[in-house]
Amino acid sequence: METDNEHTAAVEVGNSEMEGIIENGMAVDGAGTDSIQGGDTADSKSSGAGDTVYPIAVLMDELKHEDMTLRLHAIQGLKTIATALGETRTRDELIPFLDESIDDEDEILLALARELGEFLPYVGGPSYGFVLLRPLENLAGTEETVVREEAVKSINAIADVMDSEQIEKYLVPCIARLSEGDWFTCRSSATGLYAAAYAKAKEQTRINDGQDSVRLLTVEPLIAIAEKLSASQNMEHLAEILDDLCSDKSWRVRYMLGEKVVSLSMALKNDELREALSEAALQLMQDQEAEVRGAICTQLEGISEAMPREKMVEKVLPLLRILLNDPSQHVRANLAKSITGLCDKFGKDGTIEHLLPLFLMILKDTFPEVRLNIISQLDRINKVVGVDYLSQSLLPAIVELAEDKQWRVRLAIIEYVPLLASQLGMQFFDEQLSNLTMSWLGDPVYSVRDAATINLKKLTLVFGVDWARKSIIPKILAMANHPNYLYRMTTIFAITTLAPTITPAIVKDLILPAVETLASDPIPNIRFNVAKSIEALAPVLSSDPQTKTLVSERILPLLNKLTTDSDQDVRYFAVKAAKAV
């Protein structure tokens, strides 16, 4: 393998040649320029110095230019330069020059890393791919993450076409140098190269570093390595590494393992190692660090797929009960979001027996996010246990949450109501949830009121227009006479939202009279929202010949009146609506 002294000497010779090239290049006349640009002169067919010298001079000049655009252009033109130079001079002169001379902004380095990954055809093909490793190795140690990632990607692309001997002779030493680098940037890049080298290297590659920020990055490469190895090779090469990761002294390493434990289990082909990893997952649920416990909670569904149900009941459920009382809100929130993934594993009877008591505990948690996370997963519970059992066991708790002091919890319940309504049926909804649904229209928080109006539109789509005419529209219009202007405002918002889903007859008989009354409301905000509402209602009336005349007979006169309103905003929206109508 080339030593550092030999490499330095070669570079010095290369740079010395470059300096001579510059001097000669500056003397090249216009004919040389034409030949590079592909002119039809006789010089373009010659093999004179100008054919290959001039582009190098231009490249070196542009790489030193103050304008970053020119420097970037030079990098993007490297393939053209390499073509002019030929494979030998590209390997011997251009690549060493780039390796030693590039010290630039991140955008330039990123472009160089990308270009070098596609440079194999210009250095002589896969047999000479190793010459690209040195500049890419330097780029893999830079501070900027995206540059390092692109350099690692390019090295891996080159490694894919290298044979075992080249991997052993060039790539493994490259990884070793990066792994032993003084800065974590080098060592973190090294972790992205292990998988590519491992499959072709003759000797086992060990993963070991004293800095946890590097060790935690070994988990993902370990997954890639496990996928490439056979079951026996998994046991031979990875057992000790897995054991070390599971018991790592750094919580950040254990955290990363917790996040990737399912992916790693799927990659392993050895049943004994999978079983050991399942036991490790149980230990991570009891980890002293909340972040680790929270990470493993997100993997519950995947963990359940790798365990028989009996083991889940015996070992996992007791731990989940403990975690439901975890002092960390973050842990409980992650658990609430993931626990419904166990329903399919347990089936209807098992979910009713083992999981529903846990769901009820979560719905009573003091932290809003915990309650929100289980609410957002109610459809998964319903698919397994059925709507009847859901309404009997969980609905009382859900209704209680509909009046929760945290508005985000109320909002989450509202957003789930249409789905719940479609599953419970019209009669059940009218008896149990209708009054609750209408009460949200008067909520003190605007986001809840707005969601409540959208909710009514969705319910209309579920139960039909006739239901809306009988059950909700009269209740909406009754608020138009409420002394609190917020209720009157909500009436306008609701009928505007409902407009696309209702019939012209409903607009004519029920809604238009209320709109005409609200157009004279003493609150300007209500009057200009009337104008906006009319803009939505007019197309509904125009769609039916029997109500189309109402646009000219009642809508336009109403808008004309509003265009002379004392309030500027009312006049603006009235004019806008009149133009739309």
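The values are calculated or read from the model by the stated rules, or taken from the named source; none is laboratory data. Keep in mind it's a predicted model, so treat the numbers as computed, not measured. Glycine gets a Cβ as well: all are built from the backbone with ideal geometry, and neighbour counts include every protein chain shown.
Looking at Leu550, Leu558, Leu512, just one residue is in contact (Cβ under 8 Å) with a residue 24 or more places away in the chain, of a type in the set (A, V, I, L, M, F, W, C) and within 14 Å of Leu477 (Cα to Cα), and that residue is Leu512.
Scan (1) in a loop (DSSP other than H, G, I, E, B); (2) touching a Lys or Arg at 6+ places or on another chain (Cβ under 6 Å); (3) not aliphatic (A, V, I, L, M) for the single condition Gln546 breaks and write down its number. Among (1) in a loop (DSSP other than H, G, I, E, B); (2) touching a Lys or Arg at 6+ places or on another chain (Cβ under 6 Å); (3) not aliphatic (A, V, I, L, M), Gln546 violates only (2).
Within the stretch 138-181, the set of residues being acidic (Asp, Glu) and part of a loop (DSSP other than H, G, I, E, B) comprises Glu143, Glu144, Asp160, Asp163, Glu180. Here Leu401 fulfils each of the conditions (1) at negative phi; (2) modelled with pLDDT of 80 or more apart from (2). Return yes or no: is Leu132 at pLDDT 90 or above and surrounded by 15 or more Cβ atoms within 10 Å (Cβ to Cβ)? So Leu132 passes the test.
Going by the conditions given, is Gln406 over 24 Å from Asn382 (Cα atoms) and either assigned by TED's automatic domain parsing to the domain that holds Ser376 or in contact with a helix residue (DSSP H, G or I) (Cβ under 8 Å, 6 or more places away or on another chain) (or both)?
Numbers: over 24 Å from Asn382 (Cα atoms): yes; either assigned by TED's automatic domain parsing to the domain that holds Ser376 or in contact with a helix residue (DSSP H, G or I) (Cβ under 8 Å, 6 or more places away or on another chain) (or both): yes.
In short, yes.
What do you reckon, is Asp430 within 17 Å of Ala468 (Cβ to Cβ) and of a type in the set (D, E, K, R)? Working first, answer last.
On the way: within 17 Å of Ala468 (Cβ to Cβ): yes; of a type in the set (D, E, K, R): yes.
In short, yes.
In the stretch 301-330, the qualifying residues are those that are in a loop (DSSP other than H, G, I, E, B) and under 27 Å from the mean Cα position of the chain (by Cα), and the one that is nearest to Arg371 (Cα to Cα) is Ser328. Residues that are in contact with a Pro (Cβ under 8 Å, 6 or more places away or on another chain) and among the polar types (S, T, N, Q) within the stretch 493-527 are absent altogether.
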